[in-house]
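Heads up, the thing below is written out as structure tokens.
The values are calculated or read from the model by the stated rules, or taken from the named source; none is laboratory data. From a predicted model like this one, the values you see are computed outputs, not experimental measurements. Note that each Cβ is placed from the backbone with ideal geometry, even for glycine, and that neighbours are counted across all protein chains shown. Note: accessible area is taken over every heavy atom of the protein model, side chains too, but ligands, DNA and RNA are not part of it. Shrake-Rupley method; radii C 1.70, N 1.55, O 1.52, S 1.80 Å.
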Amino acid sequence: MALADAVMAHNYHPLPVVIAEAKDVWVTDVEGRRLLDCLAGYSALNFGHGHPALLAAAHEQLDRATLTSRAFHNDRLAPFCEALARLVGKDQVLPMNTGAEAVETAIKVARKWAYDVKGVPAGRAKIIVAAENFHGRTTTIVSFSTDPVARDGFGPYTPGFETVPYGDLAALEAAVDDDTAAVLIEPIQGEAGVIIPPEGYLPGVRELCTRRRVLFVADEIQSGLGRTGETFACAHEGVVPDMYILGKALGGGIVPVSAVVADRDVLGVIQPGNHGSTFGGNPLAAAVGHAVVRLLETGEYQQRATQLGSRLRERLDQLVGHGVVAVRSRGLWAGVDIDPELMSGREASEQLLDRGVLVKDTHGSTIRIAPPLSIEAEQVDWLVDQLADVLEAAGATRTQ
Ligand SMILES: *Cc1c(COP(=O)(O)O)cnc(C)c1O
């Protein structure tokens, strides 16, 4: 099977597998091999491939109406926004498509809020971000990336951002000034390798933002919607940010759906013409997004992520010292640092692929494990067994 590398721009370096079909936690490649999907589209597939309720919502909507533009109302958007706002516990939703667009939206809202509400002098609004962040790929977003691969060669860069170390409250406090509009962070840094900030950091950010009248903007695009065992990762520390940025799983693995969700005193700064998207809030996206919200309202997926996540963690912890250097996880989301003496994260991913497990490396020696939340306990055990076998074959000592 040709991988058609010659006609595709090389903006990705995919693993050597060509997927043809997918159902729930399994994908089938063009040679008929079945593989356990432990990446789940970077959490866009939290409910698995082809969840019946999500497919039914999409099928039904395909036959009704798919695109109206926001020049008119459609009968799917308001019910979706109402349900999502209720799930989040905020007043308003601004729907977009991709995650990066939602991040851009949050940046615009934060800046306008700073000028219109906080009274920051024109052109001076500052947004504080964290080192090792990942918020997407647009020119403005890569302007405040600290990853040279993502950033270098794409200047001139958008000004107005200041970077502080992630998890360092004192550094954040020192960076906040009268022109600060917002702090934009991931409550858990996904691309950086599932980095969980020290306990007390998120509540500290909340307290600081409230005290200095700064918006706390949480990018929950990857961490949110059940992945960590709560609807939002911020909830593990009882924290409610001012703005949630959502995406990935919101589209049910079917269509791109993203959103910014906040209270009226924040999102209300956006007036007609300030912002928009031809596809944002289209009826197909709204129907699928609404079905996603219904799945999350039951709490079943959050509970699965908690229970199966603790099983995954227990099993992965047994590999520490046996080819694994460290494990970080919350819910069904784990960053596993492979002993770099044994192999790179890329090599581990390739060897897991040969054993029927799809994962993706990030940052050198780390692999990220994030299966659909519908994964079963035996499948969790099986995937960790495959990793143990890969490590043992590379020379790691066997676990007891
Ligand atoms: C994936 C991701 C984005 C970007 O989403 P796209 O849909 O790829 O544009 C932004 N922030 C976080 C935390 C992400 O994981």
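Worth pointing out:
- Residue match in the range 122-132 (condition: within 14 Å of the ligand (Cβ to nearest atom), open to solvent by 10 Å² or more (accessible area, probe 1.4 Å), closer than 27 Å to Leu225 by Cβ and in contact (Cβ under 8 Å) with a residue 24 or more places away in the chain): yes
- A single member of Tyr244, Tyr166, Tyr201 is more than 30 Å from Val27 (Cα to Cα) and touching a Pro at 6+ places or on another chain (Cβ under 7 Å), and it is Tyr166.
- Scan of the range 228-262 for residues that are among the β-branched types (Val, Ile, Thr) and within 11 Å of the ligand (Cβ to nearest atom), ordered by number: Ile245, Val257
- Scanning the range 263-310 for residues that are within 15 Å of Gly224 (Cα to Cα) and within 16 Å of the ligand (Cβ to nearest atom) returns Gly289, Val292.
- Of all the listed residues (Glu31, Glu21, Glu60), the sole one being assigned to a loop (DSSP other than H, G, I, E, B) and either over 23 Å from the mean Cα position of the chain (by Cα) or of a type in the set (Gly, Ala, Ser) (or both) is Glu31.
- Of all positions in the range 249-262, none carries a residue that is open to solvent by less than 50 Å² (accessible area, probe 1.4 Å), more than 30 Å from Glu392 (Cβ to Cβ) and over 22 Å from the mean Cα position of the chain (by Cα).
- The set of residues in the range 232-248 being in a loop (DSSP other than H, G, I, E, B) and surrounded by fewer than 23 Cβ atoms within 10 Å (Cβ to Cβ) consists of Gly238, Val239, Val240.
- The residue of the range 133-142 that is farthest from the ligand (Cβ to nearest atom), among those that are open to solvent by less than 30 Å² (accessible area, probe 1.4 Å) and assigned to a loop (DSSP other than H, G, I, E, B), is Asn133.
- Set side by side, the residues Gly32, Gly48 differ, and just one is open to solvent by less than 20 Å² (accessible area, probe 1.4 Å) and more than 16 Å from the ligand (Cβ to nearest atom), which is Gly48.
- Residue check, Tyr201 among the hydroxyl-bearing types (Ser, Thr, Tyr), over 16 Å from the mean Cα position of the chain (by Cα) and either assigned by TED's automatic domain parsing to the domain that holds Thr306 or under 27 Å from Val327 (Cα atoms) (or both): yes
- The strands (runs of 3 or more DSSP E) found wholly in the range 143-227 and carrying at least 1 residues that are more than 16 Å from the ligand (Cβ to nearest atom), among the charged types (D, E, K, R) and in contact with a helix residue (DSSP H, G or I) (Cβ under 6 Å, 6 or more places away or on another chain) occupy 161-164.
- Count of residues meeting criterion [hydrophobic (A, V, I, L, M, F, W, C), assigned to a helix (DSSP H, G or I) and crowded, with 17+ Cβ neighbours inside 10 Å] in the range 69-102: 10
- Lone unmet requirement of (1) over 20 Å from the mean Cα position of the chain (by Cα); (2) free of Cβ contacts under 8 Å to residues at least 12 places away in the same chain; (3) not assigned by TED's automatic domain parsing to the domain that holds Leu184 for Tyr12: (1)
- Qualifying residue in the range 103-112 (condition: within 16 Å of the ligand (Cβ to nearest atom), open to solvent by less than 60 Å² (accessible area, probe 1.4 Å), in a helix (DSSP H, G or I) and not assigned by TED's automatic domain parsing to the domain that holds Ala192): no
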